[in-house]
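Each reported figure results from applying straightforward, stated rules to the coordinates on display, with no laboratory input. Bear in mind the structure is a predicted one, so any value in this text is a computation, not a measurement. So basically every Cβ, Gly included, is an ideal-geometry build from the backbone, and we count neighbours across all protein chains shown.
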Amino acid sequence: MTADGTDRVVISRGTVHCRAFPLVIMTSNGEREFPPAFLRRCVTVNLAQPDTEEGLTAIVRAHLGDLASQSSDLVSHFFERKNRGALATDQLLNAIYLTHHAAAASESDRRALADKVMPYLSGPVPGADEAETLRDD
């Protein structure tokens, strides 16, 4: 598909013909290194993770609008958990969206559902409190 229309473009013999220079965006989330030969052809942008709840709330607001004002408890909970293990911001966004649409009855129900959507990325966290470990079972 082209950015300037809805027409499909046929690629024949692996050659793409275009009127403007193509822009390709790749992300790695720091999970792996790209080869130096590839990086020489790239403009690298490193985005800092938010270090305050306000910064995290601004990201939630940018993606989910009014749900940000209804989700300060989950933002705080995410921030607390993030200090104990690796979590990604998209996990918080998914948790807020899901808990809002699941209409969990109580705050503890919302938090338990959010914890299921926000598992630690690095596996079990040593010293995680017992209640959180039981909810993950």
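Each residue in L56, L39, L23 was given a count of other beta-carbon atoms within 10 angstrom of its own, and listing them fewest first yields L23, L39, L56. Going from the fewest other Cβ atoms within 10 Å to the most, the residues I96, I25, I11, I59 appear in the order I25, I11, I59, I96.
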